[in-house]
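Right, one structure below, let's go through it.
Nothing in this text is a laboratory measurement; each read-out follows from the coordinates by a stated rule. Quick caveat, the model's predicted, so the values are computed rather than measured. Ideal geometry is used to build each Cβ from the backbone, glycine not excepted, and the neighbour counts take in all protein chains shown.
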Amino acid sequence: MKQILRMAFLISSLLFTTSTLSQTTNEPAPIPLWPDGAPGAKGSKPEDIPSIQLYQPPAEARTGAAIVVCPGGGYRNLARHEGYDIAVWLNSLGITAVVLKYRLGPTYKHPSMMKDVLRAIRYTRSKAEDWKIDINRVGVMGFSAGGHLASTAATHWDEGQSDTGDGIDRLSSRPTLAILCYPVITMTDPFTHAGSRRNLLGESPSPVLIELMSNEKQVNARTPPTFLFHTEDDKAVPLENSLLFAAALRKAGVPYEMHIYEKGRHGVGLARDNDSLKSWSGLLADWLRKYKFTS
């Protein structure tokens, strides 16, 4: 009996290892955002090298749109189901997905993460000819702390840095649209996510820095159209984060669509195991169609 159990354990372990390797090898190779090293890099280990992974739909299905995807993880980790799974889903709509591996705390602090997402948007535009995408249809999408980073791109972008010899940095970092999924938005109490704030801004950030990175306070008329979804009973990131951003968008006259679900835990991703909540992706697909991101 013991031998049978031992054999079953070995077989299951082998299957798990094979599955894990298959998942890993099926993912695109990382592309460093700065081939000669990122600004402010503290070393040359993988965690010091912000990068992107390119997921492209079949050539005949491509719409010419691209979305930079920022997984969540409290600015400390990166959640695979908010990167890989989302990229595969975007590909099913004909959208090119660019999954960002941004720098993380506690090793890195603001503005490293912001530099990474803005560079990813510029880099995507620089590859328009090679990747067969339209520079006027490059969006940003983020989950939880990645939603904060996506909202940072939506509110702290620039038209390009004219004083640089780097051709990529001369391109605009303004996303065409933003998608914020149960996002961290504010850095102010009582609605901030304390772990995200600590990892992004440090233990005792100044009031000026808290104000600057509370992105509901940085919205203006040129903030891009935004899609938001959140759940009423999110215990990790309060719903008020999305409400504050939506109110700021409305005040600035920026088009937005927001969906609030009564039930659903934080970090659900595509929520395929929740018959009610999983409808959010279909609502998003409809919204993207209005902006010609899908056919």
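So here's what we get for this one:
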quantity	calculated
From phi via Karplus (6.51, -1.76, 1.60), per-residue ³J(HN,Hα) for segment 271-278 in Hz, x at Gly/Pro	6, 5, 9, 10, 4, 7, 5, 5
Pair residue 80, residue 92: separation of 7 Å Cα→Cβ label points (nm)	1.9 nm
³J(HN,Hα), Karplus 6.51/-1.76/1.60, whole Hz, each residue of segment 121-136, x for Gly, Pro	5, 4, 4, 4, 5, 5, 9, 4, 5, 5, 8, 6, 10, 9, 4, 8
Set of lysines near residue 235 by C-alpha distance (under 19 Å), chain-local residues within fewer than 8 positions excluded	263, 278
Spin-label proximity, residue 59 to segment 120-139 - amide N less than 18 Å from point 7 Å beyond Cα toward beta carbon	128-134
Total charge dipole magnitude, segment 58-290, about the Cα centre, Cβ charges on Lys, Arg, Asp, Glu only, Debye to nearest 20	280 debye
Volume of the Cα convex hull of segment 196-266, divided per residue and given in Å³	94 Å³
Positive dipole terminus of the chain, leading residue within 53, 190, 248 (C-beta point charges)	53
Antiparallel %, DSSP beta bridges [both residues in the chain], to 5	25 percent
log₁₀ of I(q)/I(0) at q = 0.18, 0.19 Å⁻¹ - segment 105-199, Debye sum with one point per alpha carbon	-0.83, -0.90
FRET E, pair residue 286, residue 44, Förster distance 51 Å, beta-carbon r, rounded to 0.05	0.70
Length-normalised contact order for the chain - Cα pairs under 8 Å, 6+ apart - percent	15 percent
Residues residue 194 and residue 275, FRET efficiency given R0 of 30 Å [Cβ-Cβ distance, rounded to 0.05]	0.40
The chain: projected area of the alpha-carbon convex hull, averaged over directions, in nm²	18.3 nm²
Using a Förster distance of 35 Å, the FRET efficiency for residue 203-residue 159 (Cβ separation, nearest 0.05)	0.55
Isotropic mean projected area of the C-alpha convex hull, segment 158-279 (nm²)	9.4 nm²
